[in-house]
1. V270: within 13 Å of the chain's Cα centre (by Cα), part of a strand (DSSP E or B), modelled with pLDDT of 95 or more and within 29 Å of V35 (Cα to Cα), yes or no?
2. Filter the stretch 75-99 for residues that are touching an Asp or Glu at 6+ places or on another chain (Cβ under 7 Å) and in a loop (DSSP other than H, G, I, E, B); which is surrounded by the fewest Cβ atoms within 10 Å (Cβ to Cβ)?
3. Condition first: closer than 22 Å to V38 by Cα and without any contact (Cβ under 8 Å) to a residue 40 or more places away in the chain. Now tell me which residues in the stretch 89-101 satisfy that.
4. Would you check which residues across the stretch 111-136 are within 12 Å of A151 (Cα to Cα) and either crowded, with 20+ Cβ neighbours inside 10 Å or of a type in the set (K, R) (or both) and list them?
5. Residue by residue through the stretch 9-44, note down the ones that are hydrophobic (A, V, I, L, M, F, W, C) and either over 17 Å from the mean Cα position of the chain (by Cα) or at pLDDT 90 or above (or both).
6. If you check I52 against the conditions, is it hydrophobic (A, V, I, L, M, F, W, C), touching a Gly at 6+ places or on another chain (Cβ under 7 Å) and closer than 26 Å to G203 by Cα?
7. I'm trying to understand the selection: among the residues of the stretch 269-312, which are aromatic (F, W, Y) and farther than 25 Å from L42 by Cβ?
8. Restricting the search to the stretch 63-74, which residues are assigned to a strand (DSSP E or B) and buried (at least 21 other Cβ atoms within 10 Å of the Cβ)?
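The values are calculated or read from the model by the stated rules, or taken from the named source; none is laboratory data. Only a predicted model underlies this, so the values are computations on that prediction, with no experimental measurement involved. No Cβ is skipped: glycine too gets one built from the backbone with ideal geometry, and neighbour counts run over all protein chains shown.
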Amino acid sequence: MGLTVGLMYNLGKYERPEEGEPPDANAELDSEQTVGAVANALASAGHQVIRIEGDEEAYAKLRQCRPDIVFNICEGLRGASRESQIPAMLDMLGIPYTGSGVLALAVSLDKTIAKKMLLYHGVPTPAFRTFHPGEPVDWTGLRFPLFVKPALEGSSKGITPESKVNNPAELIDRVLWVHDLYRQPALVEEFIDGREFTVGLVGNDRPMIFPLMEINFRLVPPEHGNVYSYQFKQEWDADDYYLCPADVDPALEALLKQTAVAAFRALGCVDVSRVDIRLSPEGVPFVLEVNPLPGLSPGFSDLCRQAEKAGWTYDQLVNSILDAALARCAAADARRRRLAETAD
């Protein structure tokens with residue numbers, strides 16, 4: 001028997017940014033096509049789908065329709081913890097949802113906090129420092145080349161070939177560029193000059209790990225360099241640029257997957273995530289980012305490409321995420337019942 005599933009999203013991917021905003025301001029938002037594809041996938045499993053825009057009216061709509069569960073792909077409207085806004089509403093209303101909760105989403109979006117959490121749990125991540133607007137740029141202890149990016153963004157926003165800096169002058173210019181254009185701190189980390197991989201996971205106790213994907217920098221113009229930029233994602237979307245399954249030996253494959261699961265657990269993620277990893281020349285996997293809200297654009301998003309290479313249809317991917325959340329919620333309810341019976 002199907003469920004009533006609230007599909008929550010934020011549209012606007014292809015809208016023109018407002019004056020004064022960066023050109024990639026809407027990169028993380030969804031398109032009508034993606035929302036429609038997710039809705040159709042859920043309906044194919046027999047669920048009734050209610051579409052709900054994750055805007056200022058969302059709380060009232062949720063109170064009115066009270067879905068059995070929400071399939072959450074909301075990026076949030078504004079602020080440093082914007083991805084947590086809808087999950088906070090859902091927690092308040094007692095409505096279960098797919099994907100990570102308030103804390104994991106807030107931590108993952110704040111790259112500085114995420115890296116501190118990874119280090120605490122022993123997960124390698126590049127040495128870094130964060131510079132807030134108005135602070136002096138002191139790179140003491142960091143080795144060039146360095147990499148500069150907005151500290152509170154996803155979807156490769158603010159990532160260009162110029163993000164890689166080779167000297168103090170370039171570093172200062174780029175940090176100020178992030179401050180001025182994105183109005184937020186700049187994260188500066190040591191550049192790991194090696195192969196880049198993406199690891200997609202679905203599930204919880206023993207998550208399904210899709211075939212590894214390697215970003216193929218060999219085909220891009222030399223002046224672009226090995227930077228997985230916003231431009232890369234928009235202009236070079238043919239399969240040749242995304243090597244999946246990646247050409248790795250069994251030992252390296254196991255190490256990359258182990259590292260991805262460790263990062264997934266370190267940040268408290270559930271149900272689904274994508275982990276971006278760079279391999280150092282010495283063979284050490286460094287976690288760059290953990291994305292607990294990976295894109296679900298059919299045939300385009302990294303997770304969708306990986307699932308396809310694993311032999312999954314798009315509908316299977318979407319409904320496996322839903323099933324993982326349902327199983328997790330059922331297990332949590334069972335634990336609560338056992339605790340209540342013990343207390344009695």
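1. No: the conditions fail for V270.
2. Among residues in the stretch 75-99 that are touching an Asp or Glu at 6+ places or on another chain (Cβ under 7 Å) and in a loop (DSSP other than H, G, I, E, B), the one surrounded by the fewest Cβ atoms within 10 Å (Cβ to Cβ) is L77.
3. Matches in the stretch 89-101: M89, L90.
4. Selection gives K111, A114, K115, R129, F131.
5. Hits for the stretch 9-44 are L11, V35, A37, V38, A39, A41, L42, A43.
6. yes
7. F286
8. Listed by number, the residues that qualify are V70, F71, N72.
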